[in-house]
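Data first, discussion second: the structure below is written as structure tokens.
The values are calculated or read from the model by the stated rules, or taken from the named source; none is laboratory data. Just so you know, these numbers come straight off a predicted model, no measurement behind them. Neighbour counts are summed over all protein chains in view; Cβ atoms, including those assigned to glycine, are modelled from backbone coordinates with ideal geometry. These area figures cover heavy atoms from the full protein model, side chains too; ligands, DNA and RNA do not enter into them. Shrake-Rupley method; radii C 1.70, N 1.55, O 1.52, S 1.80 Å.
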Amino acid sequence: MKYTIIQLRCYSTASPLTSHFNQRILHLKNGSGPTKVNDALQLFDEMLKRQPPPNIIQFTQLISLIVKEKQYSTALILLNQMKLMGIPANIYTMNIYINCHCRLNQVAYGFALLANIFKQGHPPNLATYSTLIHGLVLVDRVFEAVELFKKLLRDKLCDPDQVMYGTVINGLCKVGQTSKALELLTFMESGSCKSCVEQYSVVIDSLCKDKMVDHALELFAKMTEKGVLADVITYNSLIHGLCNFGRETEAAKMLRDMEEEGVSPGVDTFNILVNSFCKKGSVKDAELAVQAMVRRGLNPDVITYSALIDGYCLRGEIDEAEKVLDGMVEKELVPNIITYNSLINGYCKKKRIGKAMRLFQEIQDKGLIPDVVTYSSMLQGLYDSGNPAAARELFDKMQAKGLAPDICTYRILFHGMCNNSQYTDALALFQSLGGKELVKDIVLYTILIDGCTKCGKPNLALDLYDELLLKGLEPTVRTYNAMIRVYCQEGSLGKGTELLRKMEENGCLPDSFTYNVIVRELLKKNEHREAEIFLEEMINRGFMPDHATFENLLVRIPNVGKDSHLRTIIQKLTNGGRKDT
DNA sequence: ATAGGGTTAG
């Protein structure tokens with residue numbers, strides 16, 4: 001009898017136990033940090049041990065917390081434990097279950113669960129369908145996602161809400177169908193479901209990524225006019241878009257605007273600016289952005305410090321980068337692989353390969369796992385320091401560890417091999433890669449064509465050139481430059497000058513390098529008239545003869561007539577040079 | 001205040 005009374009007390013929502021759990025869940029929700037998931041797990045265990053078990057809502061809240069921390073497998077384990085303890089599933093727990101499977105790349109299983117829900121007589125709801133649509137989007141099966149959405153509309157299985165529209169709009173954006181996404185946004189506005197900041201943000205972000213920042217700004221204005229308030233994510237997307245296209249000043253203004261509108265920038269917002277300034281080499285501005293962030297009571301995180309380290313490394317100021325690293329460690333922030341990659345890359349670029357190798361070992365001792373970027377940097381360092389054997393060994397090692405080389409790795413590898421006189425090996429390796437989609441890269445072809453000229457094999461270069469055109473790759477200035485050198489080497493300078501004209505027709509402007517090669521070769525062949533034409537053209541376009549071309553010019557002065565145009569050009573160049581100094 | 005959506009480094 002006593003036992004029954006205790007049981008009754010536990011069932012009551014006002015019971016001290018229930019409110020105790022509620023308080024702890026609330027505390028966890030507001031809290032943060034690495035202990036969050038562990039604390040949640042602990043609480044879950046305590047709740048599960050209670051007989052009778054607490055309210056299912058509390059369990060759901062707790063598991064949601066874990067889902068928000070992206071611990072999907074853990075969440076699934078907890079749901080299964082609840083099932084084992086005889087706590088019946090409801091549509092909420094089922095939806096979490098489906099979501100977790102979708103997040104773990106098991107969208108098919110998600111659909112199998114949908115069938116189960118039907119069988120059990122619980123009808124799926126909007127959340128169930130949105131989750132599944134999102135699951136398809138996550139694995140790039142956007143066409144199917146859209147089909148499912150259409151079917152739901154057609155068969156009137158549900159009335160889509162903002163989340164569902166947002167999910168489909170996001171899917172369309174993800175596969176580059178921004179205009180379709182915009183259409184759907186307009187369509188939803190024509191209906192009963194009002195659009196909100198989420199749908200707009202998705203499209204704004206997508207427009208920014210499509211390099212249509214001004215269109216994004218227009219949509220942003222349109223959304224504001226409609227009374228939809230932008231939030232921190234909208235602003236982050238816009239600031240990111242502006243920064244990506246060198247419009248940092250406008251980005252900084254956008255930051256001021258958002259604060260005026262009462263939207264507080266987050267650490268992420270400042271990180272976007274910090275990163276952008278670092279990438280374009282102005283670490284000083286980045287440091288100012290960090291100060292601005294600290295003034296607002298925000299704490300720089302690993303991303304902030306990593307960006308600064310990368311910025312200093314790119315400028316070759318390794319000492320400064322090391323100082324930043326020390327600073328972040330003092331703040332008890334843990335550098336990750338991305339942080340160290342910047343440093344390793346910095347050491348390699350400075351030819352401090354010994355230092356790079358020590359750090360490479362050190363981070364592994366710490367338990368960090370080098371990724372493709374780490375290996376690629378190390379490869380470059382080894383090749384640049386004239387150690388192709390060690391480089392090749394490392395390349396094999398990385399693959400043995402299950403890391404697939406990416407296009408950057410291949411570029412570094414082939415460039416390194418060519419620079420270390422391993423042309424034959426390079427070409428053989430390239431052939432062996434054969435049809436790999438990955439090697440359909442114009443930069444890679446250019447590297448190899450360059451390699452061919454260095455080993456004096458113009459014929460192989462010509463083959464490669466035909467091959468890349470056949471694959472539909474678009475030559476860059478560098479490709480053309482390499483090919484012009486090939487023609488020169490082959491003794492068909494005429495083809496070289498022809499290509500210079502053709503590249504421009506193809507919408508690729510010759511650069512200083514192109515002209516220098518041509519002019520130099522023409523001078524060598526004593527084709528002064530032709531040399532004049534190109535020399536004049538290059539000067540008009542703002543390019544100067546380089547050292548080697550200039551020497552060729554000076555050597556020829558005695559051979560050209562007093563009234564020669566070439567002589568006038570040379571005089572102009574030398575006079576101009578004197579005036580400047 | 002039980003489920004589902006948008007931004008995020010090298």
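For the reader, a short list of remarks on this structure follows.
- In segment A:239-248, the residue that is modelled with the lowest pLDDT out of those that are open to solvent by less than 60 Å² (accessible area, probe 1.4 Å) and part of a helix (DSSP H, G or I) is A:GLU248.
- Segment A:384-417, residues that are over 23 Å from A:LYS440 (Cβ atoms) and not charged (D, E, K, R): A:SER385, A:GLY386, A:ASN387, A:PRO388, A:ALA389, A:ALA390, A:ALA391, A:LEU394, A:ALA400, A:GLY402
- Selection count, segment A:490-524, where residues are open to solvent by 20 Å² or more (accessible area, probe 1.4 Å) and within 13 Å of A:TYR465 (Cβ to Cβ): 3
- Qualifying positions in segment A:211-225 - more than 17 Å from A:SER195 (Cα to Cα) and β-branched (Val, Ile, Thr): A:VAL213
- Matching option when the condition is within 8 Å of DNA strand B (Cβ to nearest atom), without any contact (Cβ under 8 Å) to a residue 24 or more places away in the chain, assigned to a helix (DSSP H, G or I) and open to solvent by 20 Å² or more (accessible area, probe 1.4 Å), among A:ILE96, A:ILE57: A:ILE57
- Residues of segment A:233-283 satisfying the condition of being in contact with a Phe, Trp or Tyr (Cβ under 8 Å, 6 or more places away or on another chain), aliphatic (A, V, I, L, M) and either under 24 Å from A:TYR312 (Cα atoms) or within 9 Å of DNA strand B (Cβ to nearest atom) (or both): A:VAL283
- Of all the residues in segment A:248-287, those that are touching a Pro at 6+ places or on another chain (Cβ under 9 Å) and more than 24 Å from A:ALA221 (Cα to Cα) number 3.
- If the condition is being among the small types (Gly, Ala, Ser) and without any contact (Cβ under 8 Å) to a residue 24 or more places away in the chain, then segment A:290-337 contributes A:ALA292, A:GLY297, A:GLY327.
- Residue pairs meeting the criteria (Cβ under 7 Å; at least 6 apart or on separate chains; first closer than 20 Å to A:LEU132 by Cα, in segment A:171-188; second surrounded by fewer than 18 Cβ atoms within 10 Å (Cβ to Cβ)): A:LEU172/A:LYS180; A:VAL175/A:ASP140
- The residues listed here are A:LEU8, A:LEU17; of these, the one that is at pLDDT below 90, more than 13 Å from DNA strand B (Cβ to nearest atom), in contact with a Lys or Arg (Cβ under 8 Å, 6 or more places away or on another chain) and more than 21 Å from A:ILE96 (Cα to Cα) is A:LEU17.
- Selection count where residues are open to solvent by 50 Å² or more (accessible area, probe 1.4 Å) and either more than 8 Å from DNA strand B (Cβ to nearest atom) or acidic (Asp, Glu) (or both), scope segment A:190-211: 6
- All positions within segment A:65-91 that are within 10 Å of DNA strand B (Cβ to nearest atom), open to solvent by 60 Å² or more (accessible area, probe 1.4 Å) and not in a loop (DSSP other than H, G, I, E, B): A:LYS68
- Qualifying residue in segment A:551-569 (condition: part of a loop (DSSP other than H, G, I, E, B) and β-branched (Val, Ile, Thr)): yes
- Qualifying residue in segment A:126-141 (condition: among the polar types (S, T, N, Q) and open to solvent by 50 Å² or more (accessible area, probe 1.4 Å)): no
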